[in-house]
1. Using a Förster distance of 25 Å, how high is the FRET efficiency between L33 and T54, based on the Cβ-Cβ distance and rounded to 0.05?
2. Report the gain in length on full extension from E45 to R13: 0.36 nm times residue separation, minus Cα-Cα distance, nm rounded to one decimal.
3. Not counting ligands, DNA or RNA, and with a 1.4 Å probe, what is R60's accessible surface area in Å² rounded to the nearest 10?
4. Could you tell me the accessible area of L33 in Å² (1.4 Å probe, neighbours in place), rounded to the nearest ten?
5. Give the Rg (one decimal place) followed by the Dmax (whole number) of the range 16-60, computed from C-alpha coordinates and expressed in Å.
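The values are calculated or read from the model by the stated rules, or taken from the named source; none is laboratory data. All values derive from a computational prediction rather than experimental measurement. When we count neighbours, we look across all protein chains shown, and the Cβ atoms used for this are built from the backbone with ideal geometry, even at glycine. These area figures cover heavy atoms from the full protein model, side chains too; ligands, DNA and RNA do not enter into them. Shrake-Rupley method; radii C 1.70, N 1.55, O 1.52, S 1.80 Å.
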Amino acid sequence: MPKYYEDKEEDGRPCGGVREDLRQCLLESPCVLQENKSPKQCLREGYCKSLQVTFFACKRSMVSVYSVFSSAAG
């Protein structure tokens, strides 16, 4: 379950809450804690996949919104 609504400092960036949850998930994963791999490497190995999908879907939706605004302005 996402934790972005629980007593966290406002990130201000789009998708900041999901980004923070993904970061925490990776840092708390056995891949990082027990195998001493980098979070980036653990992400490539499939850890925290659901949060990764959610984060990229959020970012993709922001790109869609920006393209609508830029095409409307032009």
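1. Numbers: r = 22 Å, r/R0 = 0.89.
For L33 and T54, the calculated efficiency is 0.65.
2. On the way: separation 32, 0.36 × 32 = 11.52 nm, distance 2.63 nm.
Result for the pair: 8.9 nm of gain on full extension.
3. Answer for R60: close to 150 Å² accessible.
4. 110 Å²
5. According to the Cα coordinates of the range 16-60, Rg and Dmax are 10.2, 32 Å.
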